[in-house]
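Peer 1: Shown below is the structure under consideration.
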Amino acid sequence: MNKTNTAGIISTGKALPVGKLTNFDLEKIVDTSDEWIKARTGIEERRIITGNETASGLAARAASIALERAGLSPAEIDVIIVATVTPDQTLPSTACLLQDKLGAFNASAFDLVAGCTGFLYGLDVGIRYINSGAARYILLVGVDTLSPIVDWQDRNTCVLFGDGAGAVVLGKLEEGRGVLASKMYSDGSKANLLYVPAGGSTRPATRQSVEERAHYIKMNGQEVFKFAVTVMVDSVQEVLALCGKTAADLDILAPHQANLRIINFACKRLKMQPEQVLVNIHRYGNMSSAAIPVVLDEAVEEGKLKVGHLVGLVSFGAGLTWGAAIAQW
Ligand code: ACO
């Protein structure tokens with residue numbers, strides 16, 4: 001670890017759609033029950049975009065809060081990274097739409113696609129920009145609006161996801177604070193465990209693709225689950241080792257919010273107390289790239305996450321991708 005590598009998270013913000021969809025609402029849509037969803041996933045309700053709400057709109061709301069808390073104007077941002085698998089549209093990037101909404105006219109802007117690991121991939125890229133001196137301030141947003149690409153006839157998937165956005169401003173912190181280590185991984189041979197078959201260039205939208213419901217998420221839940229429980233623990237251990245720490249040094253774990261059983265398994269294997277592990281899946285479901293920045297923002301607001309805490313961040317998602325980071329808050 002290099003002691004001068006002090007890029008880290010300066011501030012956080014979040015934005016959630018107004019619309020709530022409870023498990024009881026879902027009972028009216030598919031053959032499921034509140035009892036099943038709570039027992040198997042920990043989810044009780046999720047937020048869903050309605051009306052004019054968009055990914056870029058949620059991103060702008062979350063980003064404005066993070067910028068204000070950082071005491072920065074949009075013009076001071078050098079790079080905008082938007083981690084998402086649900087851009088407003090294929091072209092241009094949601095990052096460019098966000099740049100325009102914020103008036104961040106000095107920034108370069110791009111989207112980053114890494115499934116639910118997108119926010120951590122963005123953190124990994126962002127801190128390297130800053131530590132190399134290529135950027136001073138970076139706006140990193142994790143936003144996903146999965147509700148339009150979830151098949152509301154498929155009980156295996158539609159109960160799991162929710163929409164939301166979380167934003168952070170990255171910049172240099174004083175020595176000793178910041179991201180101490182991060183490492184990202186992917187295994188493209190597992191791409192077919194979680195994917196959307198149509199809508200890309202190999203299978204553009206046709207009447208047939210729509211009739212076959214090929215524009216919706218397909219997932220092999222059991223295989224993703226088995227994969228997740230392994231990598232959630234192993235990747236945290238690896239980044240801890242990179243900065244000379246062990247799980248016993250962690251004050252807080254901020255895991256991806258995909259399934260409470262996966263989170264509890266990781267918590268147990270890392271020998272952490274439940275109160276050290278940030279959880280909000282019961283209120284929002286799996287918000288993909290937004291999950292970690294939103295849970296961090298809530299922990300800061302609630303006073304659970306304080307300056308000086310050693311925090312582990314870990315996620316997995318479509319790709320398959322996974323990754324972890326250790327930050328001295
Ligand atoms: N309501 C009621 N019953 C259901 C539902 C539902 N919503 N969904 C599935 N079932 C049924 C199944 O049909 C099956 O019935 P059967 O035994 O008669 O065949 C039974 O429940 C058990 O199904 P399993 O798939 O074995 O259930 P499991 O305990 O594995 O839970 C779940 C399923 C919740 C999907 C779990 O596997 C999981 O969370 N996997 C990880 C998914 C994940 O994290 N995805 C996100 C990745 S991140 C990203 O990039 C977006």
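The values are calculated or read from the model by the stated rules, or taken from the named source; none is laboratory data. The model shown is predicted, which means the values in this text are computed figures rather than measured ones. Cβ: placed from backbone, ideal geometry, glycine included. Neighbour counts: every protein chain shown. The area values use the complete protein model at the heavy-atom level, side chains included, leaving out ligands, DNA and RNA. Shrake-Rupley method; radii C 1.70, N 1.55, O 1.52, S 1.80 Å.
Peer 1: For region 120-140, indicate whether the set of residues that are open to solvent by less than 10 Å² (accessible area, probe 1.4 Å), within 16 Å of the ligand (Cβ to nearest atom) and in a helix (DSSP H, G or I) is non-empty.
Peer 2: Within region 120-140 (the criterion being open to solvent by less than 10 Å² (accessible area, probe 1.4 Å), within 16 Å of the ligand (Cβ to nearest atom) and in a helix (DSSP H, G or I)), the answer is yes, since at least one residue qualifies.
Peer 1: Just checking, which of 57, 71, 103, 13 is open to solvent by 50 Å² or more (accessible area, probe 1.4 Å) and away from the ligand (no atom under 16 Å from the Cβ)? Quick ask: steps written out before the conclusion?
Peer 2: Values: 57 fails: open to solvent by 50 Å² or more (accessible area, probe 1.4 Å); 103 fails: open to solvent by 50 Å² or more (accessible area, probe 1.4 Å); 13 fails: open to solvent by 50 Å² or more (accessible area, probe 1.4 Å).
Going through 57, 71, 103, 13 in turn, the sole match is 71.
Peer 1: Taking only region 265-279 into account, find how many residues are part of a helix (DSSP H, G or I), open to solvent by 10 Å² or more (accessible area, probe 1.4 Å) and not polar (S, T, N, Q). Spell out how you get there, then give the answer.
Peer 2: Just the residues of region 265-279 that are part of a helix (DSSP H, G or I), to begin with: 265-269, 274-276.
Okay, now just the ones that are also open to solvent by 10 Å² or more (accessible area, probe 1.4 Å), so 265, 267-269, 274-276.
With not polar (S, T, N, Q) added as a condition, the list becomes 265, 267-269, 274-275.
Total meeting the criteria: 6.
Peer 1: Taking the residues in region 34-46 that are open to solvent by less than 50 Å² (accessible area, probe 1.4 Å) and touching a Lys or Arg at 6+ places or on another chain (Cβ under 8 Å) as candidates, determine which candidate is nearest to the ligand (Cβ to nearest atom). Talk me through it step by step, then tell me what you get.
Peer 2: Here is the first cut: in region 34-46, the residues open to solvent by less than 50 Å² (accessible area, probe 1.4 Å) are 34, 37, 41-43, 45-46.
Subsequent filtering for residues that are touching a Lys or Arg at 6+ places or on another chain (Cβ under 8 Å) retains 41-42, 45-46.
Numbers: 41: 5, 42: 10, 45: 14, 46: 13 Å.
Among them, the one singled out is 41.
Peer 1: Listed residues 190, 245; which is outside any loop (DSSP other than H, G, I, E, B) and touching a residue at least 12 places away in the same chain (Cβ under 8 Å)?
Peer 2: Numbers: 245 fails: outside any loop (DSSP other than H, G, I, E, B).
Going through 190, 245 in turn, the sole match is 190.
Peer 1: Follow-up. Only one of 282, 309 is open to solvent by 30 Å² or more (accessible area, probe 1.4 Å) and within 15 Å of the ligand (Cβ to nearest atom). Can you tell me which? Write out each step before concluding.
Peer 2: Details: 309 fails: within 15 Å of the ligand (Cβ to nearest atom).
Sole residue among the options that is open to solvent by 30 Å² or more (accessible area, probe 1.4 Å) and within 15 Å of the ligand (Cβ to nearest atom): 282.
Peer 1: Shifting gears a bit: Sort out which residues of region 205-215 are surrounded by fewer than 16 Cβ atoms within 10 Å (Cβ to Cβ) and under 20 Å from residue 147 (Cα atoms), and write them in order of number. Lay out the reasoning, then the answer.
Peer 2: From region 205-215, those surrounded by fewer than 16 Cβ atoms within 10 Å (Cβ to Cβ) are 205-213; that's our starting set.
Matches in region 205-215: 205, 209, 210, 211, 212, 213.
Peer 1: Is at least one residue of region 230-245 over 18 Å from the mean Cα position of the chain (by Cα), within 15 Å of the ligand (Cβ to nearest atom) and more than 14 Å from residue 328 (Cα to Cα)? Quick ask: steps written out before the conclusion?
Peer 2: Going through region 230-245, the residues over 18 Å from the mean Cα position of the chain (by Cα) turn out to be 230, 234, 237-245.
Narrowing the set further to residues that are within 15 Å of the ligand (Cβ to nearest atom) leaves 230.
Subsequent filtering for residues that are more than 14 Å from residue 328 (Cα to Cα) retains 230.
Looking through region 230-245, at least one residue is over 18 Å from the mean Cα position of the chain (by Cα), within 15 Å of the ligand (Cβ to nearest atom) and more than 14 Å from residue 328 (Cα to Cα).
Peer 1: Looking only at region 239-264, how many residues end up being surrounded by fewer than 19 Cβ atoms within 10 Å (Cβ to Cβ) and either within 16 Å of residue 288 (Cβ to Cβ) or touching a Phe, Trp or Tyr at 6+ places or on another chain (Cβ under 9 Å) (or both)?
Peer 2: Count: 2.
Peer 1: Please enumerate the residues belonging to region 224-238 that are open to solvent by less than 70 Å² (accessible area, probe 1.4 Å) and either at positive phi or in contact with a helix residue (DSSP H, G or I) (Cβ under 9 Å, 6 or more places away or on another chain) (or both).
Peer 2: Matches in region 224-238: 224, 225, 227, 228, 229, 232, 233, 236.
Peer 1: Look through 183, 218 and report the one residue that is more than 13 Å from the ligand (Cβ to nearest atom), modelled with pLDDT of 95 or more and surrounded by fewer than 24 Cβ atoms within 10 Å (Cβ to Cβ).
Peer 2: Numbers: 218 fails: more than 13 Å from the ligand (Cβ to nearest atom).
Being more than 13 Å from the ligand (Cβ to nearest atom), modelled with pLDDT of 95 or more and surrounded by fewer than 24 Cβ atoms within 10 Å (Cβ to Cβ) holds for just one of 183, 218, which is 183.
Peer 1: Being within 24 Å of residue 218 (Cα to Cα), touching an Asp or Glu at 6+ places or on another chain (Cβ under 9 Å), small (Gly, Ala, Ser) and assigned to a loop (DSSP other than H, G, I, E, B) narrows it down to one residue among 308, 319; which is it?
Peer 2: From the options 308, 319, the qualifying one is 319.
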